[in-house]
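Undergrad: I have a structure I would like to understand better, so I am pasting it below and will then ask my questions one at a time.
The values are calculated or read from the model by the stated rules, or taken from the named source; none is laboratory data. Bear in mind that the values here come from a model prediction, so they are computed numbers and not experimental data. Positions of Cβ are backbone-derived with ideal geometry, glycine not excepted, and every protein chain shown enters the neighbour counts.
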Amino acid sequence: MFIGHFTERPYQDPESGYFGATGLPIKDLSLSNEIYDPILGSDLYNRYLDEKVYAEEMGFDGLMLNEHHSTPFCMGGAMNVEASILARITKRAKIVLLGNILPIWDDPLWLVEQLAMIDMISKGRLVSGWVRGTGRESVSHNAPPAYNWERFQEAHDFIVKAWSEPGPFRWEGKHYQYRYVNPWMRPYQKPHPQIMLPGVVSRDSIVWAAKQRIPYIMLATQLEPTRQSFQVYHDTAKEEGYEAGSQNFGYLWKVHVDETEELAEEVARKFVQGPSNPFLAGNEGTANPALLKLPGLTSRRRILPTANVATANRGGQLSRSFEEQVEDYTIISGTPKTVIPKIRHVLEYLRPGSVFFWDGDGAMTHDDQMRSLRLMGEEVIPAVREIADELELRSPFEVSPKTGEPIGEISEEAASVTGD
Amino acid sequence: METSRIAETLGILKSEDALAVSEASFKESSLELAGSTIQMRTAGEGKPLLVLHGELGFPGWMNYHETLAVDRKLYAPSHPGYDQSDGIDWMMQVRDLAGWYLEALDDMDLKEIDVIGFSFGGWLAAEMAVMDPTKFRKLVLVAPMGVKPEEGEIYDIFLNLAPDYLKEAIHDSNSCDEFDLICPDEPSPEMLELWEVAREQSCKLGWKPYMYSLSLKHLLHRLKNLETLIVWGKEDKIVPIDAGRIYHESIPGSSIEVMENIGHRPEIEKPNEFTKLITKFLGSK
């Protein structure tokens, strides 16, 4: 079992008028950055880095970052900058990027270089996820949404080749062309860092991940649709002639632990009280309908069962209340004693080899987050590891998603196949 | 491989509000042209007139089609990738589409034809004309995209839903008889789907730079011997009228007509006024 920590790193500005579930609408791409306070931003960036360091200290296996653009709900616009810092100031945990938004890069050679540098500086701790991004990302970086999927696939193929084959070589593709690919940096891990694919909506993406034998991480959706979507991966794996296992699946959801049940509930309610986040059910703000319909971004037909319950901003169910989310396990909060059995339920239901606890978000304070991280380290993480062992849930770092073989026992020859 | 059928594809002509347009007045077929299959509508007899639709695809058979087909043969295709026409993978800019169209005209054995292009289709017509001015007899550009206005910006159709865009395109929808046809209060699922198909294709061709070419302006001089009419609604909120000035100044000998109290769709907003203007410019057969 691989256990990661995640927060969106919201821009928490009590003065903004858009913080604390004020009811003021934040329509996507409609909020001017004239209210942005860089002094506050500076404090928040440092706070979130400190929390990641502490998460490592408390025993998390993975420090997960993500990236969004032009929005107050996530400060990770240049996620690789944060990852670079973590590469140097942490020692053991993997740095999990879920992920770089491939289609918005006009020059993905930058990604080849930046990520190889992060992998080397961290001594091989990078986990490199890719995403396709939401409409917000395409608009912010002016990347053509109608070519999103084509660019995603081509950028992936290009990056993997540049990481794993000696240069120089030429790349003459439809969307990317290079006459000299020979970056003077190579990833620390061979042939390259583990790739993951997080998502919620696109059937194309999960089928693609299954064909590539890349672990798929379902982001914060309800259990039954998630299980149905995982089935798409399982079915594709069968067609491809292999059996997918827990190493091929990950699940991210909201988990907060606190000292008393009362405090846990009080703090967990803050999940839905930050700057409106279309991914935080219960506090989505106002969806921008044009972004949902950005032409060609996602196939209009090939969507997953999770799409309808994923996010308001993808046209899904709006505003499930805090209580409903507690009811259906998409928010788990409480003391370690009450939280652990609920996590067990999720693990039994979905059988993921990787989990990411989404915490410290919304209006939660630094202290709220630190208490939860401490209790996770002291009680929750050890218990989850035991449950995972009992359920034989293996991470992609224990059992290769490429071969289905235990990682420690594979030959060097097999290792060279792993991951590409 | 002509498969004639009554053009009810869009469900538009079935509307009870439909104007005095006969369902059988045009023929719809699917044609193999320049290596691709496209949806074509034809009507009338006489000198050929090619009608190039805008960024949301073929709007349905409208009054202006009917009137313009009275004394000429009208060709109203759906561009590759729009409506029922097959998409073409290698087409990534409007100039690619223009090159394809010139061969399609070869395949139809059309020479010295008149062409009229609306908005995105106006841009397309201008690209085709600068590639091969001798192919055309007269050129009409109706509020064409394709050049970068120095004043104002081209309206972002991708950051707005199709109905919102259409409402913005029409200056006074209350006095526009055909508005409900192009933008019904409750569009059919087919219409919604065709809008998205069209937006996706327009996105592939015009996302960046947004709906203009940096070089077209400099190539327009080649149209010096092609009689060109530029038509603009004075209240156009989609393509700033300054783009009209640039077209006019870049095409020697061109004329420009600015229509009062009209937005981006003169052919829909004031079809009688509009078709009179066009018929006068094109002359009779």
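Undergrad: Looking at the stretch A:385-405 only, could you name the residues that are over 20 Å from the mean Cα position of the chain (by Cα) and either aliphatic (A, V, I, L, M) or farther than 30 Å from A:A237 by Cα (or both)?
TA: A:I387, A:A388, A:L391, A:V399
Undergrad: Does the stretch B:98-119 contain at least one residue that is in contact with a Lys or Arg (Cβ under 6 Å, 6 or more places away or on another chain), on the phi > 0 side of the Ramachandran plot and not in a strand (DSSP E or B)?
TA: yes
Undergrad: A follow-up question, please. Restricting the search to the stretch B:68-108, which residues are closer than 16 Å to B:H53 by Cβ and small (G, A, S)?
TA: If the condition is that a residue be closer than 16 Å to B:H53 by Cβ and small (G, A, S), then B:A69, B:A76, B:S78, B:G81, B:S85, B:G87, B:A98, B:A104 are the ones that fit.
Undergrad: Moving to a separate point now. Output the qualifying pairs, or none if there are none: Cβ atoms under 9 angstrom, residues six or more apart or on different chains, first residue in the stretch B:73-98 and over 24 Å from B:D114 (Cβ atoms), second residue of a type in the set (K, R) and surrounded by fewer than 19 Cβ atoms within 10 Å (Cβ to Cβ).
TA: B:D89/A:K174; B:W90/A:K174; B:M92/A:K174
Undergrad: State which residue is farthest from A:P10 (Cα to Cα) when the search covers only the stretch A:340-379 and only residues that are among the hydroxyl-bearing types (S, T, Y) and buried (at least 22 other Cβ atoms within 10 Å of the Cβ).
TA: Across the stretch A:340-379, the extreme among qualifying residues is A:S354.
Undergrad: Any chance you could count how many residues in the stretch B:241-269 are in a loop (DSSP other than H, G, I, E, B), crowded, with 18+ Cβ neighbours inside 10 Å and touching a residue at least 40 places away in the same chain (Cβ under 8 Å)?
TA: Number of matching residues: 4.
Undergrad: Identify all residues within the stretch A:59-79 that are surrounded by fewer than 19 Cβ atoms within 10 Å (Cβ to Cβ), at pLDDT 95 or above and in contact with a helix residue (DSSP H, G or I) (Cβ under 6 Å, 6 or more places away or on another chain); write none if there are none.
TA: The one that is surrounded by fewer than 19 Cβ atoms within 10 Å (Cβ to Cβ), at pLDDT 95 or above and in contact with a helix residue (DSSP H, G or I) (Cβ under 6 Å, 6 or more places away or on another chain): A:G59.
Undergrad: Give the residues of the stretch B:145-167 that are crowded, with 17+ Cβ neighbours inside 10 Å and part of a helix (DSSP H, G or I), sorted by residue number.
TA: B:A162, B:Y165, B:L166
Undergrad: Ok, one more. Any idea which of B:D185, B:D164 is farther than 20 Å from B:G122 by Cβ, among the acidic types (D, E) and away from every other protein chain (no Cβ under 14 Å)?
TA: Just one listed residue meets the conditions, B:D185.
Undergrad: Count, please, the residues in the stretch A:136-188 that happen to be more than 13 Å from chain B (Cβ to nearest Cβ), part of a loop (DSSP other than H, G, I, E, B) and either among the basic types (K, R) or closer than 30 Å to A:K27 by Cβ (or both).
TA: Residues meeting the conditions: 1.
Undergrad: For A:L98, indicate whether it is within 30 Å of A:S299 (Cα to Cα) and more than 14 Å from chain B (Cβ to nearest Cβ).
TA: So A:L98 passes the test.
Undergrad: Under 6 Å between Cβ atoms, at least 6 apart or on separate chains: pull out the pairs that start in the stretch A:239-254 with a residue that is modelled with pLDDT under 95 and of a type in the set (F, W, Y) and end on any residue that is surrounded by 24 or more Cβ atoms within 10 Å (Cβ to Cβ) and not in a strand (DSSP E or B).
TA: Final answer for the pair search is none.
Undergrad: Working only within the stretch A:250-265, note down all residues that are among the hydrophobic types (A, V, I, L, M, F, W, C) and over 14 Å from A:I3 (Cβ atoms).
TA: A:L263, A:A264
Undergrad: Against the condition of a type in the set (K, R), at pLDDT below 95 and within 16 Å of the chain's Cα centre (by Cα), how does A:R136 come out, does it pass?
TA: It is false that A:R136 is of a type in the set (K, R), at pLDDT below 95 and within 16 Å of the chain's Cα centre (by Cα).
Undergrad: Shifting gears a bit: Tell me, which helices (runs of 4 or more DSSP H) lie completely within the stretch A:209-305 with 3 or more residues that are away from chain B (no Cβ under 14 Å), under 30 Å from A:P406 (Cα atoms) and not aromatic (F, W, Y)?
TA: Counting at least 3 such residues, we get A:223-240.
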